[in-house]
1. Looking at ALA630, ALA599, ALA576, which is the one that is in contact with a Phe, Trp or Tyr (Cβ under 9 Å, 6 or more places away or on another chain) and either aromatic (Phe, Trp, Tyr) or within 16 Å of the ligand (Cβ to nearest atom) (or both)?
2. Can you name every residue in region 541-553 that is within 14 Å of the ligand (Cβ to nearest atom) and among the hydroxyl-bearing types (Ser, Thr, Tyr)?
3. Would you say ILE419 is within 16 Å of the ligand (Cβ to nearest atom) and in the same structural domain as LEU356 (by TED's automatic domain parsing)?
4. So for region 648-659 (the condition being within 16 Å of the ligand (Cβ to nearest atom) and either in a helix (DSSP H, G or I) or modelled with pLDDT of 85 or more (or both)), does at least one residue qualify?
5. Can you tell me which of VAL536, VAL524 is farther than 21 Å from ILE445 by Cα and touching a strand residue (DSSP E or B) at 6+ places or on another chain (Cβ under 7 Å)?
6. So, in region 335-376, exactly how many residues are under 24 Å from MET415 (Cβ atoms) and part of a loop (DSSP other than H, G, I, E, B)?
7. Among helices (runs of 4 or more DSSP H) lying entirely in region 62-139, which contain 2 or more residues that are at pLDDT 90 or above and more than 11 Å from the ligand (Cβ to nearest atom)?
8. When the residues of region 585-598 are filtered to those that are crowded, with 24+ Cβ neighbours inside 10 Å and outside any helix (DSSP H, G or I), which remaining residue is modelled with the lowest pLDDT?
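The values are calculated or read from the model by the stated rules, or taken from the named source; none is laboratory data. Just so we're clear, the structure is a prediction, and the values are computed from it rather than from any experiment. Note that each Cβ is placed from the backbone with ideal geometry, even for glycine, and that neighbours are counted across all protein chains shown.
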Amino acid sequence: MARPPTSVDFSDESDPDSNEQVFPDKTEMARLKRRSRADQDQDQDGQPVSSTISVPTMTTARPVPKKRKITSGANTGLTPEEREKMKRTSERLKNDAQRLPVNEAKDALVQHILDNETVVVMAETGSGKSTQIPQLLYSHPASVAYFRERGQPTFNNTASSASKSQSQSQPPRLTLRPPSPGPISIAITQPRRLPCVSLANRVAEEMGVRLGDEVGYAVRFESKERVPAHGYGGGKEGGKGKERGVTKVRFCTEGVLLRELSNHASSSSSSKRKRGDDEDSLETATPSGTASSFGSGSGSGSGSGAGAGADGKSSSPSASTSTPDEASRLLLRYDVIIIDEAHERTLNTDFLLGSLKRIQAERRELTRRLRRRGRGGKQDEDRDGQGSGDEVQTVTTNPATYRGFEMRELKLVVMSATIDAEKFSSFFNSAPILYIKGRTYPVVIHHAQADPGPDKVQAALRQCLKIHLDLPPGDVLVFMPGQEEIDSLVKSLEQCNKQLPPGIDEILAAPLYRNLSDVKQRQVFNTTPNHKRKIVVSTNIAETGLTIPKIVYVVDSGLQKEKNVVPLSKGGTVSALQSLPCSRAAAKQRAGRAGRTAAGVCYRLYTKLDYEMRPQETSPEIQRADLASALLQLMAWGQKPLEFDYLDQPERFSLISSLRQLMQLEAIPVGASFTITPVGRQMLHFPINPLLAKVLIASFKLGCTSEVVDIIALREAGNPILESYSTREQADKTRRAFVHRDGDHMTGMNVLRAFLEVLEQARKENPQAAAGDKPVRKAVTDWCNEHSLSFRVLNEARLLRTQLQQLVKSTGQDPKVSAGEDSSRVMQCLSKGLYMNAARLQPDGLSYQPVLNRISDKDGLKIHPSSVLVGKKVPTIVYDEIALTTNYYAHNVSAIEEAWLSDIPGLSDTSIQSVKQSFEGKADVVME
Ligand SMILES: Nc1ncnc2c1ncn2[C@@H]1O[C@H](COP(=O)(O)OP(=O)(O)OP(=O)(O)O)[C@@H](O)[C@H]1O
């Protein structure tokens, strides 16, 4: 074997900012080295540190009733052996969990949550926030008593009467309701889908219930949960949620909850949807009703209009045209909402927080009014005076029309290990901050003593090999900025593995990034076989909320991919994806992926000085993303973009340019009026970002909806061509095989259509098999593998396509109208929506200049080598996005004619000026 590369030089210093328990390096290393492999399997070394909760005041606990047994009625489908096994696992895990800091502080914690409308919880990574707090609220006797015994009036939700009654200022009607039978209904949001699934699994195991019964999850295109017979968000009485086995602890992405706010009767997790498979499936049903799966922020493709969240995912609030019914608008389904990992501050986090604050105020007011009426007008708003609800029962309405939801104040818990707690507290009217001290196992942090240079792949490789050759057993988690670096490191690790001397354990290198199939993503949780060391190489997808068992070492490149508005040297800005240093909060989260099931060590591939120079927090996405989509949605929700309660106000220039964009798209009128035009309303019918909606609407006129629907579906799903070192050659072949002269959008469409044909063929050849059955799935995945294509992306595009077709149909348009051979019509449509991303070829025949935003010649914009148009000297192009590496590179490029841009309205400075003036108060702003 070739000499192992020299290790990156690390200092022994610990992280002064961190609350982590840090052992002196030598002691820790010696201790780690002493541990044999057998020990590691059985004995999780390291002692938990004692926990404390420091809270402003302590209150007397309410009388606690007998502990409620968590029944798992829905487990009845299990054999006695399975039930017994489940019980044993649950007991073991619960026993382990007792040592977690959060559980050591449980009584005070629950009491504070019950005593306050909102609390902010700060506790170390791995201390048990995500897994324990939902369980505590669900089953802690004080919580059960609180939610069961406080009889409260219900809110009559008879078919939109609520919204009407509100608008007509009629008070909601009271109904007779027996005391709530409990248990409470809790939603826990995560910024990313993977932690939702893994946390729901873990919590179900700990509670000894089957995943999908009391505990479930809902992420984009996948859910495992039981919904009430009449669905969520309207219709029948909310108490249906108390049906046996109905999911009450629901992990979901922020995007899913935002969509629920807009009320899609189908919701993201329609009961009609197939319950989640363990494998990729072709069977995932198209959600019924509106296309609730678009723009979820839980992993949709990035779009220039949507802004990208962590891991490059799109994260605009979901769009919907439907007027939310009262149950959805006020999220009446939930008693408690927990916003986990709030430090991430995605666009979704911020819009969710602002909306939840509004909902809390409305629910508080309604509850107060109902209680008052329930007491025959007695003006008593004191909670504790509610007694058992006897007063409420003296008030009756017509039970025959009863379709009410229990109306309660909404409790909110905002949590993180690395949050700016004061800011969140003051946003929620000085909500108490609960600090829970202590962590599960110690983590030693080392910084590089000297900058290891720009090649982070080499630096990470050296560190991984050093760990593997010198240090005791334990898996490794490496954080790299993007897929390219991950593939490169995985390939290098695989090559090194082949050259390891005899007697050295094998390396199992596993990539983890968004574009991988769910199955591959979940494989990283598999148990590592004996005599092997797993090295997971991940983007920031694994940075928060995840426990990958047996991770002892973390290697942190200190970089992440971020979509940012980049100022240009000659003025103006461009929105580009960049590899940038992560914040200190993100670095802490990364280190916190170790020390969860054993003591851990984190190696930062950057110096301590570098660390200290970094910003404390990742800048909120709202301050760097394109807000056009979000602003349009806010206006549609009846909220005023300039008056929305933002945790951090977006930048003025960002608001101005987003509003200008909406004018140019004809979604709002040119000038300073922020009403929504008929085109804007039409756009809102399609839950995609306004730029793409504009492309779609243009296709109705130009007769190419069939092509445009396919292009949009694929663009939302992601890049179907898998590019890595090992597959690059095949990826090139695939592009050549499906190439279209007009560029990448049409080439992608060809790929999607070929995928659909293969699927169709496989179904024909296996008439007995259902779409998701093995022979069909095998045929399609084999074809994808052969062409280096992502099954997940193409299958998602297929589902999105169906949804989009249904939506187009519902507007009276024909989704199948095709331009046939005349692809220029499709290009014209693209230019109508992507006009901001139009660029002209420069005299050098290589670089481009954006038509609207001049980049300096020095900056230069080039077509990315992965484009089918690279080197083709196309005079004018449009592209989906720019990535900034050594150059500005345009991705997903198509050829257009510049003349097509001439009719984009409001491109003149006057309209920009008028928007600006409206901010300066020099013009009237007409708010709807
Ligand atoms: N899938 C799992 N396998 C093994 N142990 C787990 C798993 N999930 C959780 N744990 C254990 O439970 C502990 C608490 O996990 P939890 O996710 O609740 O912590 P947290 O405070 O939310 O962390 P973070 O802030 O990093 O999300 C972990 O430190 C680990 O010991």
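1. Values: ALA630 fails: either aromatic (Phe, Trp, Tyr) or within 16 Å of the ligand (Cβ to nearest atom) (or both); ALA576 fails: either aromatic (Phe, Trp, Tyr) or within 16 Å of the ligand (Cβ to nearest atom) (or both).
Selected residue: ALA599, the only one of ALA630, ALA599, ALA576 that is in contact with a Phe, Trp or Tyr (Cβ under 9 Å, 6 or more places away or on another chain) and either aromatic (Phe, Trp, Tyr) or within 16 Å of the ligand (Cβ to nearest atom) (or both).
2. Filtering region 541-553 down to residues within 14 Å of the ligand (Cβ to nearest atom) leaves 541-552.
Residues satisfying the conditions are THR544, THR547.
3. Values: within 16 Å of the ligand (Cβ to nearest atom): yes; in the same structural domain as LEU356 (by TED's automatic domain parsing): yes.
Criteria met by ILE419.
4. The first filter runs over region 648-659 and keeps only residues within 16 Å of the ligand (Cβ to nearest atom), leaving none.
No, that holds for no residue.
5. Values: VAL536 fails: farther than 21 Å from ILE445 by Cα.
Selected residue: VAL524, the only one of VAL536, VAL524 that is farther than 21 Å from ILE445 by Cα and touching a strand residue (DSSP E or B) at 6+ places or on another chain (Cβ under 7 Å).
6. Looking only at region 335-376, we keep the residues that are under 24 Å from MET415 (Cβ atoms), and these are 335-364.
Next, from what is left, pick out any that are part of a loop (DSSP other than H, G, I, E, B): 335, 340-341, 345-346.
Count: 5.
7. Those helices (runs of 4 or more DSSP H) span 106-115, 129-139.
8. Top of the filtered list is GLY595.
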